[in-house]
Amino acid sequence: MVDESAKKKRTKLLVVIAVIAAIAVCCGGAYLYFSAQEAKTYGVPIVVNAKGLDTEKGTKIPVHATGKDSKGNDVDSMFYGGSSSSDIALKPGDYRLAIAASPIAEDGTIYDTKDAVTKVSIAKDGKTDVEKEITIEPIPAEEVTDEQIEAAYNAAKDSGIDISKLDELKERAQKRRDDAVAAKKAEEEKKAAEEKAAKEKKDAKTKAANGGHSFMTDYFYVDVPSSWKSSEWSVKKVNDHTWMFSHMPPNDYGGGVCIAVAKDNPWPQQGTKILGETGTGLYVYMGAEAGKGIAKDLKVTLKNTKNTKNTKNTWNPNDPNSVRPDGFKNSDWWEIQEARQKLREQQTGKK
């Protein structure tokens, strides 16, 4: 008879061996499976937002991938992204994806790719995790440079695009930029012409209000030569009693000179001219000029002045605001005379 006890022990041993064999087969299969997965590439579904770009009609987007795969190998590859995620395919690992240069849209649009970067991790089972979407904005056409167009052109050469199509897109980019630059220039010239016309109209209105003079203060009139264009000269009020006259003709450094009304010379230096004395005891001074000719070109006429060899009395006895030679305004002088008359009547009792 067969020893039943020995038979049972042999059966258990066979079972254990079978289990160990099964485990060995399973482990071996797992190793082969993951090795195959690590060698496999997976499409990376990155999203690039680019207004107006159709990669079928323009160029594809050049994407530079750098990083390490799951085995620790360095990766440095160029891809050209379009409408399919399979355009960018990588083995499991961690990567940095950057837009290497601008694509060229069908109408010649060039994009700003600065900081156009994202990160991606691919697990061994192919699960892909993309950090974020990328957005590239169109560069204003008039700001696009030749270098940016050339970089976009060169980046697209290896994308498989037909070279004649690429050349045409490059020409469109250049034309789009040139047209925009010309349009901007025309708009700036139009604006400058409108501003010039508005200034001339304002100057003419001011001159009419100044009794035909180019500029007027409470103390003097100024006339500039008729050859001076309104856009070439200006007056800046430095303070309540000082004005800076400037003349800046094209292709010339121009010049400037100050005119001040004061009791004493504000610029006690050689070259300061006394133009005359006002009816209020103040003097009109012209400072030493900076530049050439402007002091000689300006014609300054004092208002309400005492008679001097440089000026003439412009007192108007009928104007309430006109200053008399004694320094009083007509209106003030009339009030003083009225007060004196009333006092006289009170003292004499006669009207």
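The values are calculated or read from the model by the stated rules, or taken from the named source; none is laboratory data. The model shown is predicted, which means the values in this text are computed figures rather than measured ones. Every residue, glycine as well, gets a Cβ built from its backbone with ideal geometry; the counts of neighbours run over all protein chains shown. Each accessible area value is taken on the protein alone, full model and side chains, heavy atoms only, with ligands, DNA and RNA left out. Shrake-Rupley method; radii C 1.70, N 1.55, O 1.52, S 1.80 Å.
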Once fully extended, how much extra length lies between Val181 and Ser331, figured as 0.36 nm per residue of separation less the alpha-carbon to alpha-carbon distance?
47.8 nm
Can you tell me the accessible area per residue over region 174-244, all protein chains present, probe 1.4 angstrom, in square angstrom?
70
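Using heavy-atom solvent-accessible surface (probe 1.4 Å) with all chains present, what is the largest-first order of Ser234, Ser331? Walk me through the numbers before you get to the answer.
Details: Ser234 60, Ser331 35 Å².
Greatest to least solvent exposure: Ser234, Ser331.
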Per-residue SASA entry for Tyr80, accessible area with 1.4 Å probe, Å² rounded to 10:
40
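Taking 0.36 nm per residue of sequence separation and subtracting the Cα-Cα distance, how much length would be gained by fully extending the chain between Glu106 and Thr66, in nm to one decimal?
On the way: separation 40, 0.36 × 40 = 14.40 nm, distance 2.90 nm.
Taking 0.36 nm per residue and subtracting the Cα distance, the gain is 11.5 nm.
Ordering Arg96, Arg176, Arg340 by how much accessible area each has at a 1.4 Å probe, largest first, what is the list? Show your work: numbers first, answer last.
Working: Arg96 115, Arg176 70, Arg340 135 Å².
Final ranking, largest accessible area leading: Arg340, Arg96, Arg176.
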Quick check: pseudo-label points 7 Å beyond the Cα along Cα→Cβ at Ala193 and Gln174, how many nm apart are they?
3.0
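Quick check: residue separation of Lys201 and Lys165 times 0.36 nm, minus the Cα distance between them. What number comes out in nm?
Residue separation times 0.36 nm, minus the Cα-Cα distance, leaves 7.6 nm.
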With the full set of protein chains in place, find how many percent of the accessible area of region 45-117 is carbon and sulfur; take the probe as 1.4 Å.
43
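Tell me, what is the FRET efficiency for Arg96 and Lys296 to the nearest 0.05, using R0 = 45 angstrom and their Cβ-Cβ distance as r? Intermediate values should be presented prior to the final figure.
Numbers: r = 70 Å, r/R0 = 1.56.
Rounded to the nearest 0.05, the efficiency is 0.05.
Provide Met248, Met286, Met216 ordered by accessible surface of protein heavy atoms (probe 1.4 Å), highest first.
On the way: Met248 105, Met286 10, Met216 70 Å².
So, going from the largest accessible area down, we get Met248, Met216, Met286.
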